[in-house]
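As C-alpha cells, the structure follows; a few thoughts come after it.
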Amino acid sequence: MYKIALVGKPNVGKSTLFNRIISKKKSIVDDKPGVTRDRIYGDAIWLNKNFTVIDTGGLTNKNVSFQQNIEKQVKMAIDEADAIVFLVSIKEGVNTEDYYVAKVLKKYKSKNVILVINKSENYQNQNINLYYSLGFGKPLLIASEHGIGIGDLLDQLIKPLNKKNDDINSDSFSFCIIGRTNVGKSTLVNTILQEDRVLVSPIPHTTRDSIDVNFKYNNRSFTIVDTAGIRRKGKITDNIEKYAVMRTIQATEHSKLIIFMLDGSDKFNEQDEVIGGLAFKSNIPTIICVNKWDKVKKDNLTMNAMIKSIRQQFKYLSWAPIVFISAFDNKRVHTIFQTISQIEEQLNIKVSTSLLNDVITKAQIANPPPNYKGGRANLSYGTQVKGQIPTFVIFGNDPKHIHLSYARFIENQIRHAFGINMVPITVYFKDKNSRIRGAREER
C-alpha cells in the first residue's frame, strides 16, 4: 500500500490534516503541542486511488518530554513512507524548529517531500518567499481545518500512483496566458496549435473557463492554459464570471511560466496593471506579450517607445522580457518559444557558493551597508538553495538592519554577476546566529 507520512514541528496541524484526508476524527486535535506521540495510521481514497496516511508527533530541537521516543517514531514513519508532507504553519512563520525538521528530511534524499503551508485561510497575501529557504522548492498553501487546498495537495500526492499519465506529461513545460478581455488570448492558442481548439470571438468574455491543451513545438512537449479575461471586481456580475477569475488565478499557481498579454493597438489601462500585479505575485517567470502589433502605425522608433512605456507602467515586472506579435497573422509568434528557451536556461543556473560569496564581498566593499534601525548589516556568506526560481540565502548579522534599498542592491549585483535578467529571483537574508539564540528571521 502506498504510504504518506505527515511530518513537521509541533502544533502545525498534522492531526487536523490527517483527519481531513481520511475523513474521520481518528487523531486527537488540540492547540497544545505534543498531543500526538506515536505513529497513527489511516486509510484514505482519492480519485479511486487507495493509500495510507501516517500521522506523527512533532519534531523539535528543544529538550522536551518524550522527544527521543517521538523522534524515533517519526523516523520510522519516514523510512516506510513513499511520500512525505513537510507541514509548516503560516501563523507561526519559519523558526529554528522548522529548519531542524528540514535538516532531518534532507537526509532522506530518495523520498518525495512536498512542502505544505497550513493555516493559510486568512493569509492569502502573505509573502511566502521565506519558506523557500527550507530547501524544498515552491510550497502548497492549504487550510486543513477548513478543507482549503486539500484537493490540490492530494492530486500531487497520488501522481506516482498513475505512472502512465505521469510518464506522458513529465517533460511537458506548462504555461498560462492571462490578460484582460479581448486581447487575443484564444487567438494565440489557436495559432500555436494551428487549429480552432478554443472558441474565438470579438465579443468579450467568450472564454469562461481555463482550457488545458497539450502540444509539441520543435519536438518539445508543452501544456498551454488559455484563461478567461479578468474584469474589475465591480464588473463581475455572476457566479460564472467569479469562477472564471478563480480558475485564472489557479492557472497561474500551477504553471511554470505566465504569458501576460497586452493589446498593442489600444492604451494600457488600470485593469492591465491589476493583471500584471497578479503575474508579479505569482513569483514565476513572465513574458510580456504585446499582441495586435500589426494594427499599430509604426516607424523605427515605435517599438522602443512602446518598451519604454511598458517599463514605466509595469515597473514591478522590470525583469520580464517583452515580445511583439500578431497572433491573428501568426507573425513573430515563434519569438515566444525562443524566449521560453532563454528563460529555462536562467532558471537552471547553478551558482557556486564561492562565486556567490565573492560577489557579496565585492558588493559590500563597493557600497557598504548604511546604518538602519540602530545598526549596520554585515553579510558574511551566502548559498543557493532549491527553488522554482533562482533562490539565494545570505547569512549575516540581524536582518532587521538591512534596508529594502540595500536588499535590492544585493539582488541586482547577483543578477548582473550571473546573467539572471529574465526571471524573478528570491534573495532571503538570515541571521547566521539564529539557531543559537533561537531568534526568528524578519526578512
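The values are calculated or read from the model by the stated rules, or taken from the named source; none is laboratory data. Note that this is a predicted model, so its numbers are computed, not measured. Every residue, glycine as well, gets a Cβ built from its backbone with ideal geometry; the counts of neighbours run over all protein chains shown. SASA here: full protein model, heavy atoms, side chains in, ligands and nucleic acids out. Shrake-Rupley method; radii C 1.70, N 1.55, O 1.52, S 1.80 Å.
Can you find a residue that is within 18 Å of Gly387 (Cα to Cα) and at pLDDT 90 or above anywhere in region 140-152? Within region 140-152, one or more residues are within 18 Å of Gly387 (Cα to Cα) and at pLDDT 90 or above.
A quick yes/no check of all residues on (1) under 24 Å from Tyr131 (Cα atoms); (2) modelled with pLDDT of 85 or more; (3) among the β-branched types (Val, Ile, Thr):
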| position | (1), (2), (3) |
| --- | --- |
| Gly13 | yes, yes, no |
| Ile28 | no, no, yes |
| Trp46 | no, yes, no |
| Ile54 | yes, yes, yes |
| Gln67 | no, no, no |
| Leu105 | yes, yes, no |
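The residue of region 283-304 that is most open to solvent (accessible area, probe 1.4 Å), among those that are in a loop (DSSP other than H, G, I, E, B) and closer than 14 Å to Asp263 by Cα, is Lys297. Is it the case that Arg435 is modelled with pLDDT under 95, open to solvent by 30 Å² or more (accessible area, probe 1.4 Å), assigned to a helix (DSSP H, G or I) and closer than 30 Å to Val101 by Cα? It is true that Arg435 is modelled with pLDDT under 95, open to solvent by 30 Å² or more (accessible area, probe 1.4 Å), assigned to a helix (DSSP H, G or I) and closer than 30 Å to Val101 by Cα.
In the set Val74, Val88, Val104, Val113, only one residue is part of a helix (DSSP H, G or I) and surrounded by 21 or more Cβ atoms within 10 Å (Cβ to Cβ); that residue is Val74. Taking the listed residues Lys350, Lys295, Lys386, Lys315, the one that is among the charged types (D, E, K, R) and over 19 Å from Pro424 (Cα atoms) is Lys295, with no other qualifying.
Just to be sure, is Phe280 hydrophobic (A, V, I, L, M, F, W, C), open to solvent by less than 10 Å² (accessible area, probe 1.4 Å) and either at pLDDT 75 or above or assigned to a loop (DSSP other than H, G, I, E, B) (or both)? So Phe280 does not fit the description; no.
Looking only at helices (runs of 4 or more DSSP H) that fall completely inside region 310-423, which ones have 2 or more residues that are in contact with a helix residue (DSSP H, G or I) (Cβ under 7 Å, 6 or more places away or on another chain) and open to solvent by 30 Å² or more (accessible area, probe 1.4 Å)?
Answer list for region 310-423: 404-418.
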